[in-house]
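Laboratory data are not the source of any read-out in this text; all were calculated from the coordinates shown. These figures come from a predicted structure and were not determined experimentally. No Cβ is skipped: glycine too gets one built from the backbone with ideal geometry, and neighbour counts run over all protein chains shown.
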Amino acid sequence: MVKTEYKQVYQLLKKIPKGKVSTYKEISKVTGIHPRAVGVILNKNKDPKTFPCYRIVKSDGSLGGYALGLKKKIELLKKDGIEIKNKKINLKKYLHNFNNFF
């Protein structure tokens, strides 16, 4: 993957406000990058404080992975005020809309 793809994904991460999430699929729609490639890019994130990749979940609302572990992802999401029920997030309530970012 080229650095431009990383920049696009990381720019989007910074746009997701506290209390909201996005999905691999939404990031893919905005950037044109395959959802699995988005996952690879997120897994290589070396600065999760600046680029909050824990705010990315699967398109069905399930949590997906996190390089620092699922327990840490849940902790960070709850700290953001996001409710997790049965290991899922209500996307109707918490999904961030990018509104044609690029």
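Using the count of nearby Cβ atoms within 10 Å as a rough guide to exposure, how do Lys73, Lys29 rank from fewest to most?
Listed from fewest to most nearby Cβ atoms, that is Lys29, Lys73.
Express in nm, to one decimal, how much length is gained between Phe98 and Gln11 on full extension, taking 0.36 nm for each residue of separation and deducting their alpha carbon distance.
Length difference between fully extended and current span is 30.2 nm.
Let me know the shape class of the range 26-76, please: from the alpha-carbon gyration tensor, a ≥ b ≥ c as square roots of the eigenvalues, rounded when a/c is under 1.5, otherwise prolate if a/b is greater than b/c, or oblate.
Oblate, because a/c is 1.5 or more while a/b does not exceed b/c.
Show which aspartates and glutamates lie in cross-link reach of Lys46 when reach means a straight Cα distance below 18 angstrom and same-chain residues fewer than eight apart are skipped.
Candidates past the 8-residue exclusion: Glu5.
Straight-line reach from Lys7: which aspartates and glutamates fall under 18 Å, measuring Cα to Cα and dropping same-chain residues less than 8 apart?
Glu26, Asp47
Dipole size in debye (nearest 20) for the chain around its Cα centre, Lys and Arg Cβ +1, Asp and Glu Cβ -1?
Here the size comes out at about 220 debye.
What shape does the range 44-102 take by its C-alpha gyration tensor, where a ≥ b ≥ c are the square roots of the eigenvalues and a/c under 1.5 counts as rounded, a/b above b/c as prolate, and the rest as oblate?
Oblate.
Semi-axes of the equivalent ellipsoid of the chain: what are they in whole Å, largest first, if each equals the square root of 5 times a C-alpha gyration tensor eigenvalue?
Equivalent ellipsoid of the chain: 20, 15, 12 Å, largest first.
Find how much the distance from Lys72 to Lys87 grows on full extension, using 0.36 nm per residue of separation minus their present alpha carbon separation; answer in nm with one decimal.
Gain on extension, Lys72 to Lys87, equals 4.1 nm.
Fewest to most neighbouring Cβ within 10 Å: what's the order for Glu5, Glu26?
By the 10 Å Cβ count, ascending, the order reads Glu5, Glu26.
For Lys78, which lysines qualify as cross-link partners when the Cα separation must be under 20 Å and same-chain residues fewer than eight apart are set aside?
Output for Lys78: Lys14, Lys15, Lys18, Lys20, Lys49, Lys58, Lys87, Lys88, Lys92, Lys93.
Between Lys44 and Lys25, what is the label-to-label distance in nm when each label sits 7 Å out along the Cα-to-Cβ direction?
2.6
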